[in-house]
Amino acid sequence: MSFARTKIQPPRVRAGTLLPRPALAARLAQALATQRLVLVSAAAGYGKSSLLTQQIESLPAGTALAWVAADEGDDLARLLACLVAALEPLDPPWRTAPEALAALAVQPRSRPQAAAELLNALDACEVAHGVLVFDDLHRVDDPAFFDFLDRLLERLSPRWTVAIATRHDPPLALARLRVAGELAEFRQADLQLSPAEVGALMAAQGLDATQAEALHERTQGWAAGLRLALTSGAARTPGAHELTNDRVTFDFLASEVIAQLEPALRLFLLQTSVLREITAPRAAAVSGNAQSAQLLEQVDRLGLFVTTLAAAEPTLKLHDLFREALERQLQYELPGECAGLWLRAAQSEPDAPRKLEMLLKGSHLHAAAGELLAYMSVLVTEGATSSAERLLAQFPASFAQESPVLQLCHGLLAWSRLDYNRMLALMGRTETLFAAAGQPGHARAASAYQTIALLALGRHVEAAALLAELRREAQSLEVRIVVLKACIFEAAEFGDGSEVAGLMDELMDLVEPLRDAMFWYRANLLLRFNGLPGTQHAVNRFADGALRAAGERPIPVRALALAQQGFQLAWQHADLAGALAALHAAQQDSRWLGNPPIVRTELQTMAACVHALRGDTAGAIAAAQALVDEHPPGQGQDALWNGVWLLGRMAALAGELPLLQQQLARLHRFDTQGQAPVAQRRLGQALLDGHAAGLAGQLGDAARIWQQALQDGPGHDRLGMVRELRLFLAAALLQLQRAADAAEVLRPVLQAQDGGAGVGAVLLARRVLGQLATADWDAALSGSERQRLQAWQALAHPAETPAAAPAAAGIGNLSPREVDVLARIAAGDSNKLIARALDLSPHTVKRHVANILDKLGAGSRTQAATWYLKQHGA
């Protein structure tokens, strides 16, 4: 998630701008070193941020710091992304991808897991003490963030302190912390300057005690008011008004500060007040003033209400009160220029949410909608659906209801959440609005998205008719990808399965030249379509292309591609050891990503099949059971049918008749609910019906059911159903003394070139392979055919082979590369140094560190380094 890097850079203390307050500083220093939460809560202008800034510069050596400045509109996902980035210099030993924490945290069910991941990473940081600062937290109104922060505070290690600067108390469990003695509070009364402090400050300015006393009375020790008075000269004016409320303050700033500036500087500040942070290039772009650099230097010299940020180029940040006063004055004096200024500010703003806010302030609603639509692909790819929802909520409701672009954004958000009923309604409205606006191309795009929802909801007849129309029309790249994705789904689930391979190849031809991971995410090929005739090549193309597009970024499509690669090892090549290793690697990736639902679902399917191929029936049933139990409610009945069917299949392969009968009863209930099985489902259900009859000892019924099912043909074969069916049917016919019929049923499998289901698929029938391989076939099978059966039997029950020797460079169960990384950790290198030395990306180094800690059972980098040094006798 993108954000301005200045959000995680504490401002610098300007020399001579802060009055020494040793007693207050000592209290704050003690609190930051010992308390769980430090709350600095006071109205604007009382020096909250300055107080914290000054104190953190005086923290003891070795104290860690992470600073996050909040903006309006910030939510949990964005603030957590900022915090993770602020912690980066400490090299926290993450066990879940830090980029995935935000996606985890925004989901109420996984929020405790995200909090635990962050707490564990903080606890494992090798620092004596650390401080997490959230500045300007009054700008945040996301309840999810405060719920997360409460969870963090509840279990925070004593080595860490959270510090908050805010204009009002946050909705946290402050009473609980107060009672426990773990809360230090610095409130307005603490931050007010005392009469003595005001007297000392005024004396330095040449004012006498009477003037200082009068000024303290007027300002009540309010730091900003004192500064305003000194800046304007009002400190020497006996009748100057009080500066203790916002309206008066803004009026005072306008009349006594802004109005007193020289005209060129005044106009420059009014124009650039639309920027949160001001640099010379951005100021010039917004104001059109070629002297921006010189004017900024003048602002800095005058000591106007600004702070200097530690950025790559000179950067000033206006104090909130001053910026808000300038904004008000700008709207009053130059109302005709405001829209243009906000637009130019947005054009140079790299932070997408800030850009959106600027466009909305300038009433550029259509441009803001377009920016959000472009940003949606990033948010959806990263799983940041909560952030997308909050950005959508910033638009006026009346505009959002009539904006086809925003309706499309809402529809895409519903799709990412698998809420297909809502997606269908929203895409229907999007189509209507685009058509009314004379944009037929965009209207057809909305039609394409509707086909996805219709298919997920089982309304395949409507979807097929709409897809037929869309396929006849020339479409944009986006629409063609969506249409092909829907066509694959329709053909695989409800139509002619023999068409799927051609559609998959057509889809891969479209996306293969693309490097945007969002397109590959949308083009994901479901594991359950493996085994359909001729699909192997397209599946391999998807896995290779998606991995290229994802690179080393921890995003879901990368884990999905790894799952496809591992599945092919088992299915096509019967490489069960490789498949199991791939499954474990994919599960590690999923865990690193926070187990997003789409990845978890695919891995559960993969695990069930791989375990079944290995003969681990208990593992296969457990994975399939999890697939059913964790079915997302909004995913639709189609996905649930497939999950129940897979569980029934695993039960059948394990010989668990009661469990199989339970799943068959559920499948039959789908029929009574209007989910009548189409050809693919009839084939799958018949496979299970035959298994149930066979396990009940009714071999004749099983043979009859399976023979009838073969009439549906191999075009609907998924996950090796037809191959499994033929092998079990042949075994049943043998027991019925019908060897010739059994040979006839078996021959297509024996003569196949493995271009479809793959050689690994025969292992699903390992329960009957021994019977088939040792049967007396007489002349019913040729010698080569019998040899193939024997080879399959040997594949199912391989002879014991000596364990392979560990790699020479490895230690324990670490890979050679992990040993290289561990050696660097033991030498004291940071992640950045390790990445540079080993020519790795920072993401890869983090993954290696996580794997090392997991494999060694270590809780920190120091523990892992100690283990390594002991191995080497150091």
Within the set of pairs 6+ apart or on separate chains, which have a first residue in region 90-109 that is over 25 Å from Ala864 (Cβ atoms) and assigned to a loop (DSSP other than H, G, I, E, B), a second that is polar (S, T, N, Q) and open to solvent by 10 Å² or more (accessible area, probe 1.4 Å), and C-beta atoms under 6 Å apart? Val106/Ser386
Output the residue which, of all residues in region 68-84 that are at pLDDT 90 or above and outside any loop (DSSP other than H, G, I, E, B), is farthest from the chain's Cα centre (by Cα). Ala69
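Here's the yes/no breakdown for (1) of a type in the set (Phe, Trp, Tyr); (2) open to solvent by less than 50 Å² (accessible area, probe 1.4 Å); (3) in a loop (DSSP other than H, G, I, E, B); (4) closer than 17 Å to Ala486 by Cβ:
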| site | (1), (2), (3), (4) |
| --- | --- |
| Leu408 | no, yes, no, yes |
| Arg422 | no, no, no, no |
| Arg429 | no, no, no, no |
| Gly438 | no, no, yes, no |
| Ile452 | no, yes, no, yes |
List the number of the failed condition for Ser416; all other conditions in (1) surrounded by 21 or more Cβ atoms within 10 Å (Cβ to Cβ); (2) closer than 20 Å to Asp638 by Cα; (3) in contact with a Ser or Thr (Cβ under 8 Å, 6 or more places away or on another chain) hold. (1)
Ala791 out of contact with any Asp or Glu (no Cβ under 9 Å at 6 or more places or on another chain) and either at pLDDT 85 or above or charged (D, E, K, R) (or both): yes
So which pairs qualify, if the first residue must be in region 348-373 and free of Cβ contacts under 8 Å to residues at least 60 places away in the same chain, the second must be β-branched (Val, Ile, Thr), the Cβ gap must be under 7 Å, and the two must be at least 6 apart or on different chains? Ala369/Val405; Gly370/Val405; Leu373/Val405
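Among the listed residues Leu226, Leu253, Leu265, Leu193, identify the single one that is assigned to a helix (DSSP H, G or I) and at pLDDT 75 or above.
Step by step, each of Leu226, Leu253, Leu265, Leu193 is checked, and only Leu265 is assigned to a helix (DSSP H, G or I) and at pLDDT 75 or above.
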So the check is Cβ under 6 Å with 6+ separation or different chains; which pairs have a first residue in region 652-680 that's farther than 22 Å from Arg766 by Cβ and open to solvent by 70 Å² or more (accessible area, probe 1.4 Å) and a second one that's at pLDDT 70 or above and not charged (D, E, K, R)? Arg666/Val644
Which residues, taken from region 457-471, are over 13 Å from Val482 (Cβ atoms), in a helix (DSSP H, G or I) and touching a residue at least 24 places away in the same chain (Cβ under 8 Å)? His460, Ala464
Kindly indicate the residue of region 839-863 that is part of a helix (DSSP H, G or I) and polar (S, T, N, Q) and also surrounded by the fewest Cβ atoms within 10 Å (Cβ to Cβ) among those meeting that condition. Thr862
Kindly indicate which of Ala808, Ala826, Ala835 is farther than 26 Å from Ala581 by Cα and either open to solvent by 30 Å² or more (accessible area, probe 1.4 Å) or modelled with pLDDT of 85 or more (or both). Ala826
Gln9: at pLDDT 85 or above, surrounded by fewer than 21 Cβ atoms within 10 Å (Cβ to Cβ) and under 17 Å from Ala66 (Cβ atoms), yes or no? yes
State yes or no: is Leu65 in a helix (DSSP H, G or I), within 35 Å of the chain's Cα centre (by Cα) and at pLDDT 85 or above? no
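Considering region 177-190 alone, what residues qualify as being in a helix (DSSP H, G or I) and open to solvent by 20 Å² or more (accessible area, probe 1.4 Å)?
If the condition is that a residue be in a helix (DSSP H, G or I) and open to solvent by 20 Å² or more (accessible area, probe 1.4 Å), then Arg178, Val179, Gln188, Ala189, Asp190 are the ones that fit.
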Being of a type outside the set (Phe, Trp, Tyr) and open to solvent by 50 Å² or more (accessible area, probe 1.4 Å), is that true of even one residue in region 521-528? no
Failed condition for Asn540, given (1) buried (at least 19 other Cβ atoms within 10 Å of the Cβ); (2) modelled with pLDDT of 90 or more; (3) among the polar types (S, T, N, Q), with all others met? (1)
Among the residues of region 52-65, is any more than 29 Å from Ala826 (Cα to Cα) and surrounded by fewer than 16 Cβ atoms within 10 Å (Cβ to Cβ)? yes
Which residues, counting only those in region 287-307, are closer than 25 Å to Lys361 by Cβ and either without any contact (Cβ under 8 Å) to a residue 60 or more places away in the chain or touching a Leu at 6+ places or on another chain (Cβ under 6 Å) (or both)? Ser287, Gly288, Asn289, Ser292, Leu295, Leu296, Val299, Val306
Just one of Asp629, Asp589 is of a type outside the set (A, V, I, L, M), on the phi < 0 side of the Ramachandran plot and either open to solvent by less than 50 Å² (accessible area, probe 1.4 Å) or in contact with an Asp or Glu (Cβ under 9 Å, 6 or more places away or on another chain) (or both); which is it? Asp589
Which pairs do you get when a residue that is within 17 Å of Asp419 (Cα to Cα) and outside any loop (DSSP other than H, G, I, E, B), found in region 624-642, comes within reach of a residue that is of a type in the set (Asp, Glu) and open to solvent by less than 30 Å² (accessible area, probe 1.4 Å), reach meaning Cβ atoms under 7 angstrom, with the pair 6+ apart or on two chains? Asp638/Glu493
Options Val274, Val306, Val299: the member that is over 37 Å from the mean Cα position of the chain (by Cα) and either surrounded by 17 or more Cβ atoms within 10 Å (Cβ to Cβ) or under 30 Å from Thr166 (Cβ atoms) (or both): Val299
Single unsatisfied condition, Ala367 versus (1) at pLDDT 85 or above; (2) open to solvent by 40 Å² or more (accessible area, probe 1.4 Å); (3) more than 30 Å from Ala100 (Cα to Cα): (3)
Could you please let me know if Arg151 is under 15 Å from Arg78 (Cα atoms), open to solvent by 10 Å² or more (accessible area, probe 1.4 Å) and either under 19 Å from the mean Cα position of the chain (by Cα) or not acidic (Asp, Glu) (or both)? no
Residue among Ala577, Ala561, Ala586 that is small (Gly, Ala, Ser), under 21 Å from Ala523 (Cβ atoms), outside any loop (DSSP other than H, G, I, E, B) and modelled with pLDDT of 85 or more: Ala561
Consider Arg282 carefully, then state whether it is basic (Lys, Arg), closer than 26 Å to Lys355 by Cβ and in a loop (DSSP other than H, G, I, E, B). no
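The values are calculated or read from the model by the stated rules, or taken from the named source; none is laboratory data. Being a predicted model, the structure only gives us computed values, none of them experimental. Reconstructed Cβ throughout: ideal geometry from the backbone, glycine too, with neighbour counts over all protein chains shown. Remember, those area values only see protein heavy atoms, side chains included, never the ligands or the DNA or RNA. Shrake-Rupley method; radii C 1.70, N 1.55, O 1.52, S 1.80 Å.
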